[in-house]
Amino acid sequence: MSRHATTLPRSTWWLLAMLSLGWGLNWPMIKLSIVDIPVWTFRAICVMVGGVGMFALARLNGQSLRVRAGEWWPLIAMALFNVTLWNIFVTYGVKTLPAGRSAILAYTMPLWTVVLSAFVLGEKLTRRRVAGLALGMSGLLLLLGDSLVAIGGAPLGAVSIAVAAFSWAIGTVLMKRIPLSLDTTAFTGWSFILGGVPLVVGALAIEHAEWRPIGTPSMIGLVYNIIVAFLLCHWLWFRLVTLAPAGALALGTLAIPVIGVFSGMLVLGERPGWTEFGALGLVLSALATVLIPPRRAITQVAGADGR
């Protein structure tokens with residue numbers, strides 16, 4: 001069967017839809033969670049439980065959890081950027097911004113990865129990538145400018161989400177620069193556990209006096225984050241990496257901020273304006289330009305496969 005995205009089996013498209021829906025719906029769920037749960041505590045619980053779940057999944061699949069001696073420091077660095085900083089800055093951003101706007105800003109992370117890859121990995125900045133960067137940065141500046149002018153206190157939230165996206169990009173480039181021998185599930189489990197240690201320390205040092213009984217909405221958000229966003233969606237992602245070509249996965253990525261915007265409207269009653277929808281269009285166009293391979297490249301891959 002051709003590797004073209006449109007020829008994927010129906011079951012694979014269902015998995016992709018579940019992944020996009022699960023991570024897209026998570027944006028309003030984060031906002032629900034931090035009504036009663038302090039930021040560091042919320043993320044520490046999610047990340048640590050997610051790490052234990054990933055370890056269990058790795059063992060069930062017969063994967064080794066052993067980390068080679070020379071790989072500990074690169075693994076710690078990746079966990080710091082992809083788990084600790086990403087989770088803290090995203091959650092602080094969501095606390096002050098609408099969930100939909102947060103999702104749009106966060107999904108500029110592939111664009112930052114393109115920029116860093118050019119400088120760190122020597123990857124070529126093609127005209128296609130430059131066009132995608134221009135579109136994405138236009139969307140980012142549109143939201144940052146609107147936050148600065150119109151929404152009191154939100155500029156810090158918008159900057160926080162942008163920092164989270166940049167942090168994720170740093171971690172991604174580190175993963176490309178220093179490939180590790182761990183299987184993907186085991187790598188994610190260790191990333192969660194190592195990246196979760198500073199979150200646990202922060203929760204104990206900063207927030208222990210803020211702990212109080214959790215209301216029903218926050219409990220729903222917490223359970224959703226643990227079971228769906230951290231366990232189910234990561235399992236779906238690993239499964240899809242083995243089943244789907246990059247183009248199809250890119251299409252799923254495109255859907256997540258869209259679902260984030262509309263789930264914020266549905267769950268939280270948010271009412272995005274022209275700024276959000278304009279920025280969403282710019283960021284989606286940027287992601288499509290940067291992530292989805294051109295038709296010629298897909299055709300060449302299919303031809304090389306002899307299918």
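The values are calculated or read from the model by the stated rules, or taken from the named source; none is laboratory data. Every value quoted in this text rests on a predicted model; they were computed, and no experiment measured them. Quick reminder, even Gly has a Cβ in these numbers, built from the backbone with ideal geometry, and neighbours come from all protein chains shown.
Here are the numbers:
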read-out: Segment 9-53, subset among the hydroxyl-bearing types (Ser, Thr, Tyr) and either out of contact with any Leu (no Cβ under 9 Å at 6 or more places or on another chain) or modelled with pLDDT under 90 (or both), residue surrounded by the most Cβ atoms within 10 Å (Cβ to Cβ); value: Ser20
read-out: Ala255 vs. criteria aliphatic (A, V, I, L, M), modelled with pLDDT under 85 and within 29 Å of Ile37 (Cα to Cα); value: yes
read-out: Lone qualifier among Leu232, Leu240 - being in a helix (DSSP H, G or I) and modelled with pLDDT of 90 or more; value: Leu232
read-out: Residue satisfying all of: in segment 161-192; touching a residue at least 40 places away in the same chain (Cβ under 8 Å) and not in a helix (DSSP H, G or I); farthest from His234 (Cα to Cα) among these; value: Ile178
read-out: Scan of segment 47-64 for residues that are free of Cβ contacts under 8 Å to residues at least 12 places away in the same chain, assigned to a helix (DSSP H, G or I) and of a type in the set (Gly, Ala, Ser), ordered by number; value: Ala56
read-out: Candidate set from segment 184-230 (those that are in contact with a Leu (Cβ under 8 Å, 6 or more places away or on another chain) and farther than 16 Å from Thr41 by Cα); member that is surrounded by the fewest Cβ atoms within 10 Å (Cβ to Cβ); value: Pro217
read-out: Filter result for Ala103 (within 23 Å of Val159 (Cβ to Cβ), touching a Gly at 6+ places or on another chain (Cβ under 9 Å) and modelled with pLDDT under 95); value: yes
read-out: Cβ-Cβ under 7 Å pairs, at least 6 apart or on other chains, segment 134-155 side within 14 Å of Gly273 (Cα to Cα) and at pLDDT 70 or above, far side surrounded by fewer than 18 Cβ atoms within 10 Å (Cβ to Cβ) and small (Gly, Ala, Ser); value: Leu142/Gly278
read-out: Residues satisfying the stated conditions in segment 121-133, i.e. surrounded by 15 or more Cβ atoms within 10 Å (Cβ to Cβ) and either part of a helix (DSSP H, G or I) or modelled with pLDDT under 75 (or both); value: Arg129, Gly132, Leu133
read-out: Any hit, segment 83-94, residues being crowded, with 23+ Cβ neighbours inside 10 Å, of a type outside the set (Gly, Ala, Ser) and over 19 Å from Pro198 (Cα atoms); value: yes
